Amino acid sequence: MSTVKITPSAASFATSIKHLAGIQLPRRQNTIFTSNSTKFRAPRRGFTVSMAASIETPLEVCVKQSITTPNKLGDCPFTQRVLLTLEEKHLPYDMKFVDLSNKPDWFLKISPEGKVPLIKLDEKWVPDSDVITQALEEKFPEPPLTTPPEKASVGSKIFPKFVAFLKSKDSGDGTEQALLDELTAFNDYLKENGPFINGNEVSAADLSLGPKLYHLEIALGNYKNWSIPDSLSYVKSYMKRSLFS
């Protein structure tokens, strides 16, 4: 079992994407400082957050290991969402790297389905990024990250449309337009309600969408020579302003 101890930081987490849907992607060199095998960006928000209640023992988190480098964080926007949440709440954690192509016995004992992310809370292993982030919000409510219910689904259709377009081999099958439609809807929303999904404050919805937009930007740029149109200026500003680009 490989472990890396990360100390709490006000910085926001961002990882280089290695591959998506079985595709190898190049590493982006835009980080500001590093801690062991994990890379972080300095915060760029214009507001402050209060420190979460301190905990003595780092939380254990099972994460996907890079397919090319042992004991390095691999690509997984759902794991990244959990790590971003831990970073925003200033909680220390230990990453347990899991080779998903050769899952070790210790991992299958605690995760019969063999999926990451997985976190240990109150001596119980909790799966699924939705469940994990909600549990973290309840157990460590400061700083609050809850997105108002009426805003929680904003941008949620972008990622599945992106995956469909990425996998498509037929330029006329409508997958590109479907993605553009969702990005346009998000652009219109940000124009009226931004700069973040919950207005001026980063919330859980941003921590979920941000890593997915990072995948979108890298994957489509490298494998379809495609980028978000300049006309969607609010989306572009969101990606530049956000914690994840």
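Taking 0.36 nm per residue of sequence separation and removing the Cα-Cα distance, the Thr146/Asp181 pair yields an extension gain of 9.9 nm.
Within the stretch 107-179, the GluC sites (Glu not before Pro) that combine a DSSP coil assignment with at most 13 other C-beta atoms in a 10 angstrom radius are Glu113, Glu123.
Near Lys212, once Lys and Arg are set to +1 and Asp and Glu to -1 for all other residues with Cβ below 13 Å from its Cβ, the sum equals -1.
Restricting the stretch 122-197 to trypsin sites (Lys or Arg not before Pro) that sit in a DSSP loop and have at most 10 other Cβ atoms within 10 Å of their own Cβ leaves Lys169.
Cross-link check: pairs Lys115/Lys169; Lys157/Lys212; Lys109/Lys139; Lys115/Lys151; Lys96/Lys240; Lys64/Lys212 evaluated at a Cα-Cα cut-off of 20 Å; pairs beyond the cut-off: Lys115/Lys169; Lys109/Lys139; Lys115/Lys151; Lys96/Lys240.
Values quoted throughout were computed directly from the atomic coordinates according to the rules given, and no laboratory measurement underlies them. Not measured: the values here are computed from a predicted model. In this analysis, Cβ positions are derived from the backbone assuming ideal geometry, glycine residues included, and neighbour counts consider all displayed protein chains.
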